[in-house]
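S.K.: First, the structure itself, so that you have it in front of you.
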Amino acid sequence: MAGRQPGGAQHGVKSPLPEPTKKFAMTIKRLQKSPRMSQAVIHGGIVYLAGQVGTEGATITEQTRQALESIDRLLAGAGSDKSHLLQATIWLADMADFGAMNAVWEAWIDRENPPARSTGQTPMVSPGYKVEITVVAAVRS
């Protein structure tokens with residue numbers, strides 16, 4: 001089209017988009033990584049945790065407690081804690097375990113700073129696992 005500049009700007013008319021003034025370095029930190037996965041990934045002030053489970057074959061109460069202890073350790077290693085949780089996803093092998101899992105969750109969670117949460121049922125990798133919990137949290141500033 002005649003009279004048009006590259007990028008859509010016309011003669012004498014400035015583009016409505018500002019010129020980039022800052023370049024941001026992309027940093028991604030991976031904790032407890034293996035060739036298959038990382039247990040935690042930190043990027044942009046957010047920490048993403050892999051699904052955490054307890055000991056295969058233990059009760060739902062014990063597996064939930066163990067998964068939450070693992071989450072506490074990983075969050076601490078990433079410079080965060082449960083008061084900075086943004087989102088949690090809880091997978092249960094059997095929704096009949098919801099009440100027992102939820103009792104442990106409610107005793108653990110920071111009631112002043114609860115995350116957005118969803119819970120669903122899905123088959124686990126191994127039938128001895130009853131719960132898997134994933135969380136996303138902000139890194140403390």
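S.K.: Looking at segment 70-108 only, could you name the residues that are of a type in the set (Phe, Trp, Tyr) and under 20 Å from residue 123 (Cβ atoms)?
M.R.: 91, 98
S.K.: Next question. For residue 32, which of the numbered conditions (1) touching a Ser or Thr at 6+ places or on another chain (Cβ under 7 Å); (2) not in a strand (DSSP E or B) fails to hold?
M.R.: (2)
S.K.: Quickly run through segment 96-141 and pick out the residues that are of a type in the set (Asp, Glu) and buried (at least 16 other Cβ atoms within 10 Å of the Cβ).
M.R.: Answer for segment 96-141, where residues must be of a type in the set (Asp, Glu) and buried (at least 16 other Cβ atoms within 10 Å of the Cβ): 97, 132.
S.K.: Where residues in segment 56-72 are among the charged types (D, E, K, R) and within 16 Å of residue 128 (Cα to Cα), which of them is surrounded by the most Cβ atoms within 10 Å (Cβ to Cβ)?
M.R.: If we take residues in segment 56-72 being among the charged types (D, E, K, R) and within 16 Å of residue 128 (Cα to Cα), then 65 is surrounded by the most Cβ atoms within 10 Å (Cβ to Cβ).
Since every read-out is calculated from the coordinates, none of them should be taken as a lab result. Keep in mind the model is a prediction, meaning the values are calculated, not measured. Positions of Cβ are generated from backbone atoms using ideal geometry, with glycine treated the same way; all protein chains shown enter the neighbour counts.
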